[in-house]
1. Consider only pairs whose beta carbons are under 6 Å apart and that are at least six residues apart or on different chains; among these, list those whose first residue lies in the stretch 137-166 and is assigned to a helix (DSSP H, G or I) and whose second residue is loosely packed, with under 10 Cβ neighbours inside 10 Å and modelled with pLDDT under 95.
2. Please find, among Ala157, Ala149, Ala129, the residue that is within 20 Å of Thr54 (Cα to Cα) and aliphatic (A, V, I, L, M).
3. I'd like to know if the stretch 81-99 contains one or more residues that are over 18 Å from Leu53 (Cα atoms), without any contact (Cβ under 8 Å) to a residue 40 or more places away in the chain, in contact with a helix residue (DSSP H, G or I) (Cβ under 9 Å, 6 or more places away or on another chain) and not charged (D, E, K, R).
4. Being crowded, with 16+ Cβ neighbours inside 10 Å and modelled with pLDDT of 95 or more narrows it down to one of Leu62, Leu32, so name that one.
5. So, restricting to strands (runs of 3 or more DSSP E) that lie completely within the stretch 60-118, which ones have at least 2 residues that are over 24 Å from Leu44 (Cα atoms)?
6. So Leu44 ticks every box in (1) at pLDDT 90 or above; (2) outside any loop (DSSP other than H, G, I, E, B); (3) out of contact with any Phe, Trp or Tyr (no Cβ under 8 Å at 6 or more places or on another chain) but one. Which box is left unticked?
7. So which of Leu76, Leu32, Leu62, Leu53 is of a type outside the set (S, T, N, Q) and more than 19 Å from Met94 (Cα to Cα)?
Amino acid sequence: MQTQTAPRAGDRARAAASGTAPGNRIDSLGLLIHALSKAWREELDRRLRPLGLTRVQWQALLWLSRAGGALVQRELSDFLDIGAPATVGLVDRMERDGLVARSAVAGDRRRNAVVLTPKARRLLRTIEAAAGQLRREVSSGLTRAEIDALCALLGKAKARIDALKP
């Protein structure tokens, strides 16, 4: 007589996060998006480890780059989803390492802008190349139409969530 074992809770959670859980897929959508984001960050983190940067450091460099090379410290904190004290420590370390510089915000002596240095801009070429390679590898199994549809649908969901905020 063969006995059946019940699936463990962790197995059910992994199935939900992978989008393979039975039932209504909308119930697993948030978990799937989170799992994709986490796996993407972890893989990029693994590829960037030889640069000697922590995850939050390379993420900060990418956000600063996307913003044109400078952000107010509070904005950087928001993008990184970390508190103000943690951002101060991060910027202190990155400034010590020659990756960023602080600069006063015109008209507001209480605020600092965090600005990329030439050293960081050189490092960003390597970061962007690794990120681009990962994007190509992840998307290689998808058609252009699927990528366009995925981006459109995720953008639509994000806009809907933003509209729910008071």
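The values are calculated or read from the model by the stated rules, or taken from the named source; none is laboratory data. All of these numbers come straight from a predicted model, not from anything done at the bench. Cβ placement follows ideal geometry from the backbone for every residue including glycine, while neighbour counts extend to all protein chains displayed.
1. Correct list of pairs: empty, since none qualify.
2. Ala129
3. Checking the stretch 81-99: at least one residue is over 18 Å from Leu53 (Cα atoms), without any contact (Cβ under 8 Å) to a residue 40 or more places away in the chain, in contact with a helix residue (DSSP H, G or I) (Cβ under 9 Å, 6 or more places away or on another chain) and not charged (D, E, K, R).
4. After applying the criteria, what remains is Leu62.
5. Hits in the stretch 60-118: 100-105, 108-116.
6. (3)
7. Leu32
Yes or no, residue by residue, for (1) polar (S, T, N, Q); (2) exposed (fewer than 13 other Cβ atoms within 10 Å of the Cβ):
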residue: Val115; (1), (2): no, no
residue: Thr126; (1), (2): yes, no
residue: Glu137; (1), (2): no, yes
residue: Leu142; (1), (2): no, yes
residue: Arg160; (1), (2): no, yes
